[in-house]
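A quick write-up on the structure given underneath.
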């Protein structure tokens with residue numbers, strides 16, 4: 001992609017004997033960066049690098065560059081050859097002054113020099129002639145990470161000059177307009193104005209889509225800008241917690257790179273790893289695997305087995321295999337990664353890889369090995385460091401599995417003591433650690449401590465817009481624990497909030513939403529709200545069928561829950577219909593689900609019996625009651641009837 005930028009620059013220079021396009025060749029950078037896995041169970045994305053240069057300027061952009069007249073050109077040529085020339089007119093002097101100011105602006109390398117040159121230009125140029133200069137300054141500010149407010153100000157000024165309010169037309173201003181909208185989106189992202197950022201980026205995306213069908217534009221002009229817009233959309237939607245939607249844009253960004261980069265380029269390998277990490281972040285390890293393997297393949301071929309990029313790929317691959325519960329493969333990749341990290345002296349990455357390895361050993365049931373690994377690693381950490389807190393959490397996990405509960409609790413107390421001091425400086429890390437600690441307390445049946453830590457994590461995550469998916473997950477767990485401990489009324493608002501947040505983050509058909517609806521339905525049943533329960537159980541069943549398949553155990557259980565809800569309403573025919581599907585479902589699992597099948601058959605028989613009893617009761621209620629005189633007559637007949645007859 002960098003080569004394409006320089007080729008475009010050369011083409012523009014040939015077409016125009018001007019310095020207008022000199023800034024095109026500077027600091028073109030790709031939009032991917034290295035990522036590190038700061039937590040053993042989750043990959044973390046950093047925001048992408050900003051687009052650094054004007055890659056696809058319209059060749060016929062009017063208003064910024066003042067093209068010298070023929071007379072002025074002749075004057076310049078004559079002056080350079082020391083030939084006597086006539087006195088310049090005022091118009092020629094003004095043209096020369098503008099040309100010199102423009103040359104000074106474009107030859108400026110530092111931001112301060114550019115700003116100074118621009119200030120001189122403002123006194124001489126009309127506002128309509130400053131559009132491109134404002135755009136260049138805005139891009140330079142964005143590139144250097146300067147004040148986003150100032151970046152936004154220059155971008156807005158550019159927009160006022162370029163925007164004719166009609167992006168449906170293929171005007172000559174469309175491409176710089178799209179670049180300006182992308183810059184506005186980037187600035188708003190840095191200002192945490194995510195809704196505004198999304199609006200600008202969507203508009204840029206629509207403008208570029210129009211231009212893709214315009215034969216007057218080469219794909220080389222459009223693709224770099226389109227890639228930047230897709231990557232920014234990924235970042236913004238990730239920051240808003242809309243991770244499933246964000247992934248669509250990251251995949252599109254990868255597709256653009258596949259079209260524009262060489263097949264085995266290092267940058268393409270990193271782009272594949274970006275996608276794998278994004279899938280890991282939403283715990284979709286199955287879809288993450290092929291992208292990580294592709295990244296590893298490219299980096300091995302291009303850089304060799306012992307490169308740092310290969311080590312990062314293998315470490316991520318270990319996390320993915322752990323998520324897929326292929327722990328032996330995970331440990332193998334982790335050990336290969338450690339060798340390279342040790343060779344290159346990357347102590348921080350190596351430390352985290354060793355913690356990963358201990359967690360993999362715990363998953364394999366090798367608790368003593370894990371404890372030995374962690375004891376060796378803890379000596380390498382500072383006393384109050386976050387890494388030390390993570391090590392004690394893993395140590396507690398191993399001890400808990402060995403049923404050494406007192407020792408495990410002591411490790412968790414040490415970890416919490418460290419994390420308490422990091423709450424303000426590293427709220428995301430602390431919140432994630434509290435979530436993991438709460439799970440360990442939960443496994444010890446220490447539900448009060450588990451709920452307390454989750455509520456602390458929730459209060460921290462709610463302040464981080466990019467962690468709204470985590471807010472949903474934590475709310476779901478709090479609701480489930482409250483339900484488990486009989487605090488049903490307290491559980492309902494947490495579960496309702498979790499369902500809405502998770503739908504926004506992962507989509508309405510994500511299996512996690514289905515599990516929340518199952519728990520919410522159980523809470524409604526406990527509160528004697530069977531109609532509400534039946535409704536959310538039906539949502540859960542629909543989600544499970546789509547995400548897991550109708551024959552999955554959880555889908556069958558959701559069907560059983562619907563049956564329970566209708567039975568609670570006294571709608572036995574509907575309840576029987578759903579329970580019959582439960583019986584069929586478990587029967588399809590064969591001998592491995594014999595106990596579940598027998599239990600389902602027993603519940604079905606009970607429902608049929610209740611249905612029969614309900615019918616008899618309904619019939620009895622429907623029959624007319626005998627009148628009082630009829631009752632008296634019947635008694636008289638009974639008294640006067642001979643005993644033999646009776």
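Could you please let me know if residue 496 is surrounded by fewer than 18 Cβ atoms within 10 Å (Cβ to Cβ), in a helix (DSSP H, G or I), more than 20 Å from the chain's Cα centre (by Cα) and assigned by TED's automatic domain parsing to the domain that holds residue 603?
When the stated conditions are applied, residue 496 passes them.
Could you tell me which residue of the range 80-108 is surrounded by the fewest Cβ atoms within 10 Å (Cβ to Cβ), considering only residues that are touching a helix residue (DSSP H, G or I) at 6+ places or on another chain (Cβ under 9 Å) and at pLDDT below 75?
In this case the residue turns out to be 84.
Within the range 276-288, restricting attention to residues that are modelled with pLDDT of 90 or more and surrounded by fewer than 22 Cβ atoms within 10 Å (Cβ to Cβ), which residue is nearest to residue 504 (Cα to Cα)?
284
Between a residue in the range 310-326 that is farther than 18 Å from residue 344 by Cβ and any residue that is modelled with pLDDT of 95 or more and not in a helix (DSSP H, G or I), which pairs come within a Cβ distance under 9 Å, given they are 6 or more apart or on different chains?
From residues that are farther than 18 Å from residue 344 by Cβ, the pairs are 320/326.
Which is within 20 Å of residue 205 (Cα to Cα) and touching a residue at least 40 places away in the same chain (Cβ under 8 Å), of 246, 228?
228
Being assigned by TED's automatic domain parsing to the domain that holds residue 529 and under 26 Å from residue 236 (Cβ atoms): is that true of residue 513 here?
yes
How many residues are in a helix (DSSP H, G or I) and farther than 16 Å from residue 219 by Cα if we restrict to the range 255-268?
Total meeting the criteria: 3.
Yes or no: the range 588-595 includes at least one residue that is exposed (fewer than 14 other Cβ atoms within 10 Å of the Cβ), under 15 Å from residue 525 (Cα atoms) and either free of Cβ contacts under 8 Å to residues at least 40 places away in the same chain or in the same structural domain as residue 521 (by TED's automatic domain parsing) (or both).
Among the residues of the range 588-595, not one is exposed (fewer than 14 other Cβ atoms within 10 Å of the Cβ), under 15 Å from residue 525 (Cα atoms) and either free of Cβ contacts under 8 Å to residues at least 40 places away in the same chain or in the same structural domain as residue 521 (by TED's automatic domain parsing) (or both), which makes the answer no.
Out of curiosity, is residue 582 within 29 Å of the chain's Cα centre (by Cα) and assigned to a helix (DSSP H, G or I)?
It is false that residue 582 is within 29 Å of the chain's Cα centre (by Cα) and assigned to a helix (DSSP H, G or I).
Considering only the range 429-438, I want to know if a residue exists there that is outside any loop (DSSP other than H, G, I, E, B) and surrounded by fewer than 17 Cβ atoms within 10 Å (Cβ to Cβ).
Looking for residues that are outside any loop (DSSP other than H, G, I, E, B) and surrounded by fewer than 17 Cβ atoms within 10 Å (Cβ to Cβ), one finds none in the range 429-438, hence no.
When you scan the range 455-465, do you find a residue that is within 15 Å of residue 428 (Cβ to Cβ), assigned to a helix (DSSP H, G or I), touching a helix residue (DSSP H, G or I) at 6+ places or on another chain (Cβ under 8 Å) and touching a residue at least 40 places away in the same chain (Cβ under 8 Å), even just one? Steps first, please.
First, pick out the residues of the range 455-465 that are within 15 Å of residue 428 (Cβ to Cβ): 456-465.
If we keep only those that are assigned to a helix (DSSP H, G or I) as well, we get 456-461, 465.
Filter once more, keeping what is touching a helix residue (DSSP H, G or I) at 6+ places or on another chain (Cβ under 8 Å): 456-458, 460-461, 465.
Remaining after also requiring touching a residue at least 40 places away in the same chain (Cβ under 8 Å): 465.
Taking every residue of the range 455-465 in turn, at least one turns out to be within 15 Å of residue 428 (Cβ to Cβ), assigned to a helix (DSSP H, G or I), touching a helix residue (DSSP H, G or I) at 6+ places or on another chain (Cβ under 8 Å) and touching a residue at least 40 places away in the same chain (Cβ under 8 Å).
The values are calculated or read from the model by the stated rules, or taken from the named source; none is laboratory data. Quantities reported herein were computed from a predicted structural model and do not represent experimental measurements. Please note: Cβ atoms are built from the backbone with ideal geometry, for glycine as well, and neighbour counts cover all protein chains shown.
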